[in-house]
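Below is one structure; the comments refer to it alone.
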Amino acid sequence: MSSGEKILSVINEDSEKNIAEIKSESEKKCREILDKGRAKAKEFENAAEKKKAELDARMMKSCRSRVELEKRNAILKTKRAEIDKAVAAVEEYMTGLGDKEYFELIYKLAATLGKKEGIVMLNSRDIKRV
C-alpha cells in the first residue's frame, strides 16, 4: 500500500467513525424528541380525559336536575287539575242547593272555625238569596 492509500485509508476510517458517531448522536436525539413528544401527548390526553369526565359529570347533574324539575312540574300540574275539579264540584254542588240548605251549609262551615272571629262576606247573588 502506498503512502497516499494509507492516508486515504486513515481519512476514510476517521470519516466512517465520525459518520457513525453523528448517526448515533442523531438517533439518540431523535429518540429523546420522540419520547418528549409522546410524554406531552400523554399529558394532553390525560387533561382531555379529565375535562371530559368533568363535563360528563356536569351534564349528568344537569340532566338529573331537569328530570326532577319536569317530575315536580308534572306532579304540581296534576295536583292543580285535581284541585280545580274539586272546586268545580263543590261550586256545582253549592249552586244546586236551595236557599235554606245553602245557608245551613255556610253556618256549618262557620261553626267548624270554633271560637275564631271573622266576617262572612256575601256576593250580590247570595244577598238576593237571603
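Annotations for the structure displayed:
- Residue within region 113-120 that is part of a helix (DSSP H, G or I) and of a type in the set (Gly, Ala, Ser) present: no
- Test: ILE75 is open to solvent by less than 100 Å² (accessible area, probe 1.4 Å) and of a type outside the set (S, T, N, Q): yes
- Checked against the criterion of being charged (D, E, K, R) and touching a residue at least 12 places away in the same chain (Cβ under 8 Å), region 83-106 has at least one qualifying residue.
- GLU101 being surrounded by 10 or more Cβ atoms within 10 Å (Cβ to Cβ), under 49 Å from the mean Cα position of the chain (by Cα) and assigned to a helix (DSSP H, G or I): no
- Region 1-47, residues that are of a type in the set (Gly, Ala, Ser) and in a helix (DSSP H, G or I): SER3, GLY4, SER9, SER15, ALA20, SER24, SER26, GLY37, ALA39, ALA41, ALA47
The values are calculated or read from the model by the stated rules, or taken from the named source; none is laboratory data. Computed from a predicted structure; not experimentally measured. Cβ coordinates were reconstructed from backbone atoms using ideal geometry, including for glycine residues, and neighbour counts include every protein chain displayed. We work out accessible area using only protein heavy atoms, side chains counted, and drop any ligands, DNA or RNA first. Shrake-Rupley method; radii C 1.70, N 1.55, O 1.52, S 1.80 Å.
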